[in-house]
Amino acid sequence: MVEQKLCIGKISGVFGIKGWIKVFSYTENKENILNYSPWFLQKDSQIKTFDVLSGQVQGKAIVACLDGINSRNEAELLLGWRIYIDADQLPPTQPDEYYWSELVGLKVQTLSGLNIGVVDHMLETGANDVVVVEGEKQILIPFLQPETITSIDLEAGLMTVNWDPDF
């Protein structure tokens, strides 16, 4: 997938007989996934583009109607496909705010300059987000600015942390 695309969910099921799909959303408020269109669906090397015609919360699920998907059989063919959007569809961030996708892949170093790995992904824990760093070993660092995350330089691809890598 092109770097300018962000994964915001996946198709997890079908809903009804008219081609509606169930969506597992990665957006902070799960229904926010419906605010974006078009969706770029990807599975393996296949990519398909769909406009979102309609969508809603249905019980605990999010359901959506995509342009050109008109039957349950057509919807079933999309099961497991990941949902991407263009990065420029997202609103700009405030200073010291970051989208998780911007942090993934950053090199992580301590205040003393020791390289401890690369940001693999982020976790939401409720109290605060957690940076998962993969290096010689996996390290979990609370995303607390400026206490543990002292600086982030997206252009340099670097996150500096106040963290003992042996912790």
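Total residues in segment 1-30 satisfying the condition of being assigned to a strand (DSSP E or B), closer than 16 Å to A75 by Cβ and touching an Asp or Glu at 6+ places or on another chain (Cβ under 8 Å): the figure is 1. Contact list please: Cβ distance under 6 Å, first residue in segment 135-146 and in the same structural domain as L114 (by TED's automatic domain parsing), second residue in a strand (DSSP E or B) and of a type outside the set (A, V, I, L, M), pairs at least six apart or on different chains. Taking only residues 6 or more apart or on different chains, the pairs are G135/G117; F143/D129. In segment 115-134 there is no residue that is within 16 Å of the chain's Cα centre (by Cα) and in contact (Cβ under 8 Å) with a residue 60 or more places away in the chain. Close Cβ contacts (under 7 Å, 6 or more residues apart or on different chains) running from residues in segment 150-164 that are under 15 Å from E97 (Cα atoms) and without any contact (Cβ under 8 Å) to a residue 12 or more places away in the chain to residues that are among the β-branched types (V, I, T) and not in a loop (DSSP other than H, G, I, E, B) comprise S151/T160.
For segment 133-151, does any single residue satisfy the condition of being more than 24 Å from T27 (Cβ to Cβ), in a loop (DSSP other than H, G, I, E, B) and of a type in the set (S, T, N, Q)? The answer is yes, given that some residue of segment 133-151 is more than 24 Å from T27 (Cβ to Cβ), in a loop (DSSP other than H, G, I, E, B) and of a type in the set (S, T, N, Q). Residues in segment 121-167 that are over 20 Å from Q94 (Cβ atoms), surrounded by fewer than 14 Cβ atoms within 10 Å (Cβ to Cβ) and among the charged types (D, E, K, R): E136, K137, D164, D166.
The values are calculated or read from the model by the stated rules, or taken from the named source; none is laboratory data. If you're wondering where the values come from, they're calculated on a predicted model, not measured in any experiment. Note that each Cβ is placed from the backbone with ideal geometry, even for glycine, and that neighbours are counted across all protein chains shown.
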